Amino acid sequence: MPWPEVTVVSARREFCALARRPGANVSALCQRYGISRTTGYTWLARAEAGDDPAALVDRSRRPHTCPHRTDPTVEEQIVTLRDAHPTWGARKLKRRLEDLGADDLPAVSTITAILARAGRRDLAQPVSRPWQRFEADAPNWLWQIDFTGHVALAAGRCHPLPVLDDHSRFLLGLTACANEQSATVQAILTTLFRRYGLPWKLLCDNGSPWGTTQGPHGLTELGVWLVRVGVTPIHGRPFHPQTQGKLERVNRTLLADAVRPGGFATLGEAQRVFDRFRTVYNQERPHEALGFATPLSRYTGSPRPFPEHLPPVAYAPGDAVRMVDASGRIQVRGRRWRVGHALAGQPVALRPTAVDGVIEIRFCHLRIRELDLRQEEDSAC
């Protein structure tokens, strides 16, 4: 039977006082007080060591030393890095500290415990359904681009525009834009094409300025310019943001790590914050999808240079060439066929297919649509 909870220390003192009297039967006293002889002699030894009132108080069973305890300096490094990047979890923190040359780092589970003791528990991550992932086979095979909504300014709005390489997740650009107009996007892409070279494809949304439902292939003026410089614009499935899942992940990280709740004072201030975010994202932040490597370690520039002057539109010798009129149509065999307003003033090629009476229309390297000359009406009208 254990010591009574309320009088445990006084009962021990009483026991020790009786046990130290001449001729006392310690075994019998232990039985009366409901303790073992080992416990009884333990308390006697402590009482005889001195008159300290705390001698008979329960002592912690925690070991005096712990050879496996993490070095306090390492714990401080972990907490300091977490304070600098509040959204990073234990695995990212460990990989970044390894990249910085830290030695004797504890396991990920231990880092999680260190964060918990320091009051820096991991932030809850939103639960999402898994989807089929894809990844381009090499850098510059596919870039992704889309606006991240808008952020408040003291006067007006900021429209963040990230551009991401699909294979490496290298954030090629992150610009604080004043609007979402085609001319703004073209100027930004021109700068990126000059610095990094041309990608083969550019994955965009379906809305303006990327695409339109009003013409074949969804080409806009921006899309026509991309085709002219040698880049194929492609569009994600409508109402399916998972198609640009990597860019959605960038946007989530940007909003969590860089965008302040009250927004920014000016576009210049927003751009300075975005530049710092981009440096951390590309060069410091370990990415779980890359085996905790950084995007910069996986990215290389494109060997395809940006043409400072648009190359002339040229087609194969056997192609029939038609000029698109101001209404976005061409004339074939006395009938007018729609190819899209964005192509007005551009030459397109007519090329026979394996089906008699069916031809395809091409603009540069892009196949726009097929014309079934056997039909009485244009199905695209």
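A compact table of results
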item	result
Two-decimal ratio, segment 320-372, of alpha-carbon radius of gyration to 2.2 N^0.38 Å	1.03
Burial ranking of peptide ranges 304-317, 348-361 (average Cβ count within 10 Å, highest at the top)	348-361, 304-317
Ranked list, fewest to most other Cβ atoms within 10 Å of each Cβ, for ASP166, ASP325	ASP325, ASP166
Charge sum, other residues only, whose C-beta stays under 9 Å from TYR299's C-beta, Lys/Arg counted +1 and Asp/Glu -1	+1
Extent along principal axes [Cα atoms of segment 282-381; Å; largest to smallest]	62, 30, 27
Charge context of THR190, other residues only, Cβ under 13 angstrom, K/R +1, D/E -1	+2
Relative contact order %, segment 8-56, counting alpha carbon pairs below 8 Å whose residues are six or more apart	38
Spin-label zone in segment 251-283 - amide nitrogen under 15 Å from a point set 7 Å from the Cα of ALA178 along the C-beta vector	266-271
Relative pair counts by distance (%), Cα atoms of segment 142-298, 10 Å bins	10, 40, 36, 13, 0
Ordering of 97-109, 176-188 by burial proxy (mean other Cβ atoms within 10 Å per residue, highest first)	176-188, 97-109
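No value in this document is a laboratory result; all are computed from the given coordinates. Bear in mind the structure is a predicted one, so any value in this text is a computation, not a measurement. Because the Cβ atoms are built from the backbone with ideal geometry, glycine has one as well, and the counts that use them run over all protein chains shown.
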